[in-house]
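Below is one structure; the comments refer to it alone.
The values are calculated or read from the model by the stated rules, or taken from the named source; none is laboratory data. Not measured: the values here are computed from a predicted model. Glycine also receives a Cβ, built like all others from the backbone with ideal geometry; neighbour counts cover every protein chain displayed. The area values use the complete protein model at the heavy-atom level, side chains included, leaving out ligands, DNA and RNA. Shrake-Rupley method; radii C 1.70, N 1.55, O 1.52, S 1.80 Å.
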Amino acid sequence: MGGGAHGHEPPYKIPDYRIYKVKDVPELVETERALVSLGLKDPWLRNEVWRYNPKEFGTESTRFKSLFFRGFKLGFGAFVLTVIGTTIYDKMYPSKHGHGH
């Protein structure tokens, strides 16, 4: 893959797999202990370590905030403009039926 015949480098750097250690993540250490107590082992558990790295994936609160508030400013601005526009329109062109919309 790497440079190959085209001489292109990928636009990202693949991290070395050895930097991810289950012992660095308390939640996964607990999972590993629970599996051992049942006589089981998960050889792929190391592949989940990156999910718990706040630099890579954020904390639970930052993920929650980004999920629910990502477009809040733009959405609130659109809401305000809609209310203002509707109010101006209603004043310029009053209803002939004597009630709102």
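Things worth noting here:
- Look at the alpha carbon pairs under 8 Å that are at least 6 residues apart: their mean separation over the length of the chain gives a relative contact order of 14 percent.
- With at most 15 neighbouring Cβ atoms within 10 Å, loop trypsin sites (Lys or Arg not before Pro) (DSSP) excluded, longest segment of the chain: 42-69
- The calculated P(r) of the chain, using every Cα pair and 5 Å bins from 0, goes 2, 9, 10, 10, 9, 9, 9, 7, 7, 6, 5, 5, 5, 5, 2, 0 in percent.
- Each other residue within a Cβ distance under 12 Å of Gly58 adds +1 if Lys or Arg and -1 if Asp or Glu, for a net charge of +2.
- Among the chymotrypsin sites (Phe, Trp or Tyr not before Pro) found in segment 18-101, those both in a DSSP coil and sparsely packed, with 11 or fewer other Cβ atoms within 10 Å of their Cβ, are Trp44.
- Probing with 1.4 Å while keeping every protein chain in the model, the per residue accessible area of the chain equals 94 Å².
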